[in-house]
Every structure is written in structure tokens, then in C-alpha cells.
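The structure is given below, and queries will be raised subsequently.
The values are calculated or read from the model by the stated rules, or taken from the named source; none is laboratory data. Remember, predicted model here, so these are calculated numbers, not experimental data. Every residue, glycine among them, receives a Cβ derived from its backbone with ideal geometry; neighbour counts consider all protein chains shown. Calculation scope for accessible area: heavy atoms of the full protein, side chains included, ligands and nucleic acids excluded. Shrake-Rupley method; radii C 1.70, N 1.55, O 1.52, S 1.80 Å.
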Amino acid sequence: MSVTHADYRLSQLDQLEAESIHIFREVAAEFEKPVLMFSGGKDSIVMMRLAEKAFYPAKIPFPVLQVDTGLDFPEVLATRDNWVSRLGVRLIVASVEEAIANGVVVDDGKTSRNRLQIGTLLNALEEGGFTAAFGGGRRDEEKARAKERVYSHRDEFGQWDPKNQRPELWSLYNGRLHEGEHMRIFPISNWTELDIWDYIGREEIEIPSIYYSHRRRVFQRDGMWLSESDLNPLREGEEVVEKTVRFRTVGDLSLTGCVESEADTIEKIIAEIAVATVTERGATRGDDRFSEAAMEDRKKEGYF
Amino acid sequence: MSTDDTAAVPELIGREADLLRFATAGSVDDGKSTLIGRLLLDSKSIFADQLEAVEATSASKGYDYTDLALLTDGLRSEREQGITIDVAYRYFATPHRKYIIADTPGHVQYTRNMVTGASTADLGLVLVDARQGLTEQSRRHAVILSLLRVPHLVLAVNKMDLVDYDQETFNRIHSEFTQFATKLNIPDLEVIPISALKGDNVVERSEHMSWYSGPTLMHHLEHVHVASDRDLVDVRFPVQYVVRPKSDEHHDYRGYAGQVAGGVLKPGDEVVVLPSGMTSRIAGIDLFDKEVSEAFPPMSVTVRLEDDVDVSRGDMIARPSNAPQPSQDIDAMVCWMTPQPLRPRQKLAIKHTTRTARALVKDIQYRLDVNTLHRDQETKELGLNEIGRIQLRTTQPLLCDPYSKNRWTGSFILIDEATGVTVGAGMINSGS
């Protein structure tokens, strides 16, 4: 807390925190069954921290839901488990593998795990009867997100209708739903990537170790450095080399590229991001690169 | 990641940086998207892959220059139509401030989007085309920003390059607007001649307008004083959520969580809980695991009281000598946001601070023509994007202030109970 008492000034990071906490409390007060969608990435970890602060000294009054693609980095799962046990929240894991086995989603061999996550997620939300699902989306990430509301309405098919969004004024959020509909809630809509890192540094928040520079065996595919893994078999002509790298985003390990980096502390990461010339998604997310409107399409279908 | 371009290293945003939220209004033709693109580009908030994508698109469309507007046109349908139809939020930062831009479309059929963008803005930026001067649209934008009590207004006279940077043209628009603004409530006005396309007076001072001695747009955004816009006198704390851990460690803990909407709260202060009227003192103010010595807007805190009084969500904590009047009869300006018109006798849900009630439309007093400020008292309904003065009767007392006094406790939304959609935005004149 950095309060200058003389003029009652609140830094922008404190203002963002206050806004996000307000949103968490509003949802907990107005929705019957909220759930926090946890990806293991830094954004959803910041969300856990904000939720912890919003209800302290009470525990977070809703469970945490993770979609397990079967292709998650082990370091991410370890961090998740630390957080869940420290906060004493209930963890629900929705497995893409199980969803495929149960016929909830169809793996045609061409569709990425990231896309199969959509069906798995929607099914888990429906099965759990969740009426509000917190997501760590930020409006600075991508053009389609820039127009999404903090309370983002989803119809009974889980779809987002960008042309028919409810107006959102002041900090008065409208959480009205019909049977079968739910709301996606984005408490960190107004945070930028730098804000997230600044906050992680300030709060000394534990994030998966793969965000920090480390030695890793990697290979190049479609211009990205991917991690060597049994889950991601090499294709012809691909060659494994060892490099000093870190990940800027965390997702499906078959699609999430790393960047060469010596940044092994938060300060160095912040310095590196400040000079970055490529957006975090553009640099390292295979799933957003297929078309300029890739994210918009996935969101309409019910992506985070 | 490419880190070799050291010339482009922006200074880090300081931890103590402020926040400035501003709303832009103007149509495609006024060059609004180009201006935002310019601010993002010149403040080095655009990444290489974003710039490459718009350069490629501009080239494929056969443009002579990179269309910076493409940076901000988000949804595909908008890109296809070449217009901005929804509020889009943009971010950039300098070492001094972080900026949140609510980018809103300018046409009259999108008034509701502009109202939405203006609702949270500290500053409103209206663009006019120097060749055309003030239009009905620019007047409307100023009216809406003033109705929404956006405390600072900037009129950017754009496309100065197309009028040969002519001082006379600028002066004419300047005085015409200043005259119009006297009819509105605009506490702070700045008029700046710019060219968003060429970059004159946006971030860099123009070499073509030596006759202009005022600030560049960026300089003004960096230095406009917004801290004093908050109400630090009248304590208003709408209770959002009651924190009761029910754990062994915090067995007796009972705290009232919320975001401070006005005034400064301190431990030991005598307070009144509305609408019950019970009084107590503040035992402590918690911010996560720390106690703080004071809380002020817009802090989210948890307040503990000395006495075991009954407090629940929707209640408000204020000072006994300075509390809002609970009221079920509300007089307000409303912007209507849905195609089915608002009519007297209609019943709606109303959300005001953390309290939700039902409201009956008792009367529509007049419709305000946002282009001429004419009050049409003959009308018996408000259509989509229309603004008017109405009277409501609510099922529960609202703990309200005039919007002119406090934007948090003076605002409400109206919700259609059948569809669940937000259909109106209200600014309270008075409760009685």
C-alpha cells in the first residue's frame, strides 16, 4: 500500500487493485455460484491474490476450476497446487482427455488442445451449475478483448455476442441472467502486462518457475522455440538444442513458445518487457497467429 | 524477443504513477482513431507485430500511408465496415501516468456508447475537423460529457495541416466553442490545434504553428490535475459484502467490505448506518492483512464497527452530521439505451451503489435535444439514445446524492426485468 497521505493520492496500481477487489466482492455478493477459472498463468495467479485480498480474513468463497489439457507444464501444476493448498480453496480439474473419452468434445487430430478446451470448459461450467466464471483476460492483450465488458454475458450455448453486449457504466455491474446462461467476469480487464509484472514484484507473488530464465532443451517450429517433451513429438527435420530461455505466456506446451532471455528476476523481466517490440501473444502463442481475427472467433465460441 | 532496438526503450512507468481515464469522441472522419493510434505509437505503446499487421493491411488496401486507425478498430465487423461501433478500451503509459482511453463512436445512433465511455472518464477529448469547424456532432459530444460531469474537457482542432495551419481558422473555432461551452457545465476547458496524421502538437510541438503557445495534447494529458476531482469531504461507504470468516482464528470477525465513494474514513470516527440510522464508531479499517489509518476514494477496504449493529449489503456508512437522505422519489436525467421506448408507468429494476430495487416511471418531464439543448416537454416517451428528465418511485429508499456532487452515489442503471438487459443510465438531480 503506497498512500501519500498529504494529498490522498492512490497510485495507479493501487487503483487497479481496488477496482478488481470491488469486482470480486460484487460477484460474490450477487451470484449464486461463482467459480474462478485458473490457467496457471501469471494473470490467473494475480487473480487468486486479488480474490484472497478481497475476502480476507475469510477464505475465498468460491472454488477454482482448471481445464487440464494433458499438455500442461509440470512447473505450472506445481505452482497451482501450492496456491490451492495455501489458500484452502477447492480445486476442480476438468480434463480434456476425459472430455474426449466421454465424447463431450471430438479430437479429430487437427484441432489444437486449446480449442478442445472450449468444449471441456463449457461442459464443466454446466455440470457445476456455475453462474459466474472469473477469467484473467486483459483488454490490452488483443483487439477483440478491448471491447469486452467486465461482466461478459454468455448465452445458454456459452457464446459471446460482441454486437449485443450490455452497456457497462460507472462501476455498476449488471449480473442478471436467465436459466442456463452465465457470466464471464474479467476483474483485471484494465491491467496491462506491465501492471501484472509490477504487481507480482510488489506483492512477491509465487508464479511458475518457467516465467524466469532457465536452461531448457528446445526445438524450432513455425518460427517459435518449443520445449522438448514426450507430449510434443519432434517432426522431421526438427532438432533439439539447449538454450537459456523463459516463457512469456503459459499454455498448452505443444503451442507455447519460449523466448531467449537472461531475465531471472522480476526486475529483469520488467526491464525486458519494457523494451519488447512484439506482443506477448504474437510472440509465443501459436493459437492466436492463424488469423488476425483468431481470438475473436474463439471468444464467440466460448473461449476464456 | 528483439531487444536490440535500444533507441526505442521507453522509460519504465513509475510505481507511483497516477491513473488518468479519458474518453474520446468523434467520428471516423474527424481522425479520432488516427489520433489514438498516434498517441499509442508516439508513446511507444504499439508493438512491432501490431504495426506490421496494420502496415500490411494498409498496403493491401492501396493506401498511401499507414492507416493508424486500423490499430484500434477491434471487432471484425467493424473492420469490414470501417467504423467503430462499440466502446473500446486502450492503454498506454508514460513514467508519470497510466492512461485508460475509452474510445467511443461519435454518431448519434451510438450516444449510449458515448455515455458509457464518459461515465468513468476524468477527461473528455472532443475532436473537430478544422476544415468543417464545429458541427452538430461536436456540440452533442460536449453536451454529453458535460451531462456526465466529466470534469476536464479538451477540444482538439484536428487536421490543421489541411487548412495550412491557419491561426484564424483555429481562433474562429476556439471562440465559437468557448461561447457554446458557457451554456454547459465544463469546469476546465483546453483547446488545442493538432494534426493527428502528421503528429503536430500531439506529442511533439508543431513546427508549423508558432502562433500557438499552449500545451501539446500529451503535455496537457500529463499535467491536468485530477486528484481534486474526488469528494474527500462527504463520507460515503456503500456496503458491498459482509466478511465473516467463521473460522477458529477469526471467530468474532465481522467486517463490512466496500469501495469508498466519498470522504475520508478513520478509526474512531462516529458513523451512521443507513437506512437504519443506527450509530457506532469505526473500530478499524482493514486492507487485506494490514490495518490502515484512513481510507478514501477509490480504496477498497473492510470497515469494522465498535458496536454489534445490523449492517448488510446495500446499506451505507456515512457521518451522522453529513449523510445522504434516504429517498424513494428520484428526479434524474436518464439516457435510454434500448430500442423499445421508455414510457410512464413502466416498471424496471434499478441498481444504485450496492442496492438493487424496483422502480416505477412516474413521469417523463422532458426530452433533451442534445444537439440544441432544447427541452421538449410534449414528448411522452424516450427512444433509443435519447436523454430526458424523469421521475421515479422506488420500492426501497435509495441513499443518494445529486450526481453533480458525487458520481458514485449520484448514478444508477435501469435494468429490464424480463430481458435482464441494461436499458438506461441515470444521473440523479435530487431525491425527495
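From the list A:Ile21, A:Ile45, which one is open to solvent by less than 20 Å² (accessible area, probe 1.4 Å), at the interface with another protein chain (Cβ under 8 Å from one of its Cβ atoms) and closer than 15 Å to A:Gly136 by Cα?
Result of the check over A:Ile21, A:Ile45: A:Ile21.
Let me ask something additional. Scan the range B:369-385 residue by residue and report those that are in contact (Cβ under 8 Å) with a residue 60 or more places away in the chain and surrounded by 17 or more Cβ atoms within 10 Å (Cβ to Cβ).
If the condition is that a residue be in contact (Cβ under 8 Å) with a residue 60 or more places away in the chain and surrounded by 17 or more Cβ atoms within 10 Å (Cβ to Cβ), then B:Val370, B:Asn385 are the ones that fit.
When you scan the range B:101-119, do you find a residue that is modelled with pLDDT of 90 or more and farther than 23 Å from B:Glu190 by Cβ, even just one?
yes
Of everything in the range B:354-367, what is open to solvent by 20 Å² or more (accessible area, probe 1.4 Å) and out of contact with any Gly (no Cβ under 6 Å at 6 or more places or on another chain)? Give them in sequence order.
B:Thr356, B:Arg358, B:Leu360, B:Lys362, B:Asp363, B:Gln365
Another question, then. Can you work out which of the residues in the range A:5-18 that are at the interface with chain B (Cβ under 7 Å from one of its Cβ atoms) and open to solvent by less than 10 Å² (accessible area, probe 1.4 Å) is nearest to B:Ser228 (Cα to Cα)?
A:Leu10
I'd like to verify a number: residues in the range B:276-299 that are of a type outside the set (A, V, I, L, M), more than 9 Å from every other protein chain (Cβ to nearest Cβ) and open to solvent by 20 Å² or more (accessible area, probe 1.4 Å), how many?
Initial filter on the range B:276-299 (of a type outside the set (A, V, I, L, M)): B:276-277, B:279-281, B:284, B:286, B:288-291, B:293-294, B:296-298.
Filter once more, keeping what is more than 9 Å from every other protein chain (Cβ to nearest Cβ): B:276-277, B:279-281, B:284, B:291.
So of that shortlist, the ones also open to solvent by 20 Å² or more (accessible area, probe 1.4 Å) come out as B:276-277, B:279, B:281, B:291.
Qualifying residue count for the region: 5.
Restricting attention to the range B:202-252, and to residues there that are of a type in the set (A, V, I, L, M, F, W, C) and exposed (fewer than 15 other Cβ atoms within 10 Å of the Cβ), which single residue is farthest from the other protein chains (Cβ to nearest Cβ)?
Within the range B:202-252, the match that is farthest from the other protein chains (Cβ to nearest Cβ) is B:Trp211.
Name the helices (runs of 4 or more DSSP H) wholly inside the range A:205-304 in which the number of residues that are modelled with pLDDT of 60 or more and within 14 Å of chain B (Cβ to nearest Cβ) is 2 or more.
Here the list reads A:266-274.
Among the residues of the range A:149-198, write down those that are among the acidic types (Asp, Glu) and facing chain B (nearest Cβ under 7 Å).
A:Glu168, A:Asp198
To continue, here is another question. Can you go through B:Gly255, B:Gly268, B:Gly314 and tell me which one is at pLDDT 95 or above and open to solvent by 20 Å² or more (accessible area, probe 1.4 Å)?
The conditions single out B:Gly268.
Any idea which residue in the range B:405-420 is nearest to B:Val239 (Cα to Cα), counting only those that are among the aliphatic types (A, V, I, L, M) and more than 7 Å from chain A (Cβ to nearest Cβ)?
Restricting attention to the range B:405-420, the residues satisfying the condition of being among the aliphatic types (A, V, I, L, M) are B:413-415, B:418.
Within this subset, residues satisfying the condition of being more than 7 Å from chain A (Cβ to nearest Cβ) are B:414, B:418.
Values: B:Leu414: 20, B:Ala418: 27 Å.
Per the criteria, the residue is B:Leu414.
If you don't mind, another one. Look at the range B:317-330 and say how many of its residues are of a type in the set (D, E, K, R) and open to solvent by less than 20 Å² (accessible area, probe 1.4 Å).
0
Here's a follow-up. Residues in the range B:399-416: is at least one in contact with a Phe, Trp or Tyr (Cβ under 9 Å, 6 or more places away or on another chain) and without any contact (Cβ under 8 Å) to a residue 40 or more places away in the chain?
yes
Same structure, new question: Looking at the range A:65-74, is at least one residue within 14 Å of chain B (Cβ to nearest Cβ) and either closer than 29 Å to B:Gly255 by Cα or within 18 Å of the chain's Cα centre (by Cα) (or both)?
No, every residue in the range A:65-74 fails to be within 14 Å of chain B (Cβ to nearest Cβ) and either closer than 29 Å to B:Gly255 by Cα or within 18 Å of the chain's Cα centre (by Cα) (or both).
Which of the numbered conditions does A:Asn174 fail, given that it passes all the others? Conditions: (1) touching a strand residue (DSSP E or B) at 6+ places or on another chain (Cβ under 6 Å); (2) part of a helix (DSSP H, G or I).
Of everything listed in (1) touching a strand residue (DSSP E or B) at 6+ places or on another chain (Cβ under 6 Å); (2) part of a helix (DSSP H, G or I), A:Asn174 misses just condition (2).
Report those helices (runs of 4 or more DSSP H) wholly inside the range B:74-193 carrying at least 3 residues which are more than 17 Å from the chain's Cα centre (by Cα). Even if it seems obvious, please write down each step before you answer.
Numbers: elements: B:76-81, B:111-119, B:136-147, B:167-181.
Those helices (runs of 4 or more DSSP H) span B:76-81, B:136-147, B:167-181.
Could you list, in sequence order, all residues of the range B:386-397 that are open to solvent by 20 Å² or more (accessible area, probe 1.4 Å) and either part of a strand (DSSP E or B) or in contact with a Gly (Cβ under 7 Å, 6 or more places away or on another chain) (or both)?
Matches in the range B:386-397: B:Arg389, B:Gln391, B:Arg393, B:Thr395, B:Gln396, B:Pro397.
Considering only the range B:300-343, how many residues are within 14 Å of another protein chain (Cβ to nearest Cβ) and not in a strand (DSSP E or B)?
Of all residues in the range B:300-343, those within 14 Å of another protein chain (Cβ to nearest Cβ) come to B:300-304, B:311-315, B:332-339.
Checking which are not in a strand (DSSP E or B) leaves us with B:311-315, B:337-339.
Within the range B:300-343, residues that are within 14 Å of another protein chain (Cβ to nearest Cβ) and not in a strand (DSSP E or B) number 8.
For the structure I just gave you, tell me whether B:Leu189 is under 20 Å from B:Ala93 (Cβ atoms) and modelled with pLDDT of 95 or more.
no
Condition first: of a type in the set (A, V, I, L, M) and at pLDDT below 70. Now tell me which residues in the range B:54-71 satisfy that.
Within the range B:54-71, B:Leu68, B:Ala69, B:Leu70, B:Leu71 qualify.
Residue under question is A:Asp155, and the condition is that it be open to solvent by less than 60 Å² (accessible area, probe 1.4 Å), among the acidic types (Asp, Glu) and either more than 20 Å from A:Met47 (Cβ to Cβ) or modelled with pLDDT of 90 or more (or both); does it hold?
yes
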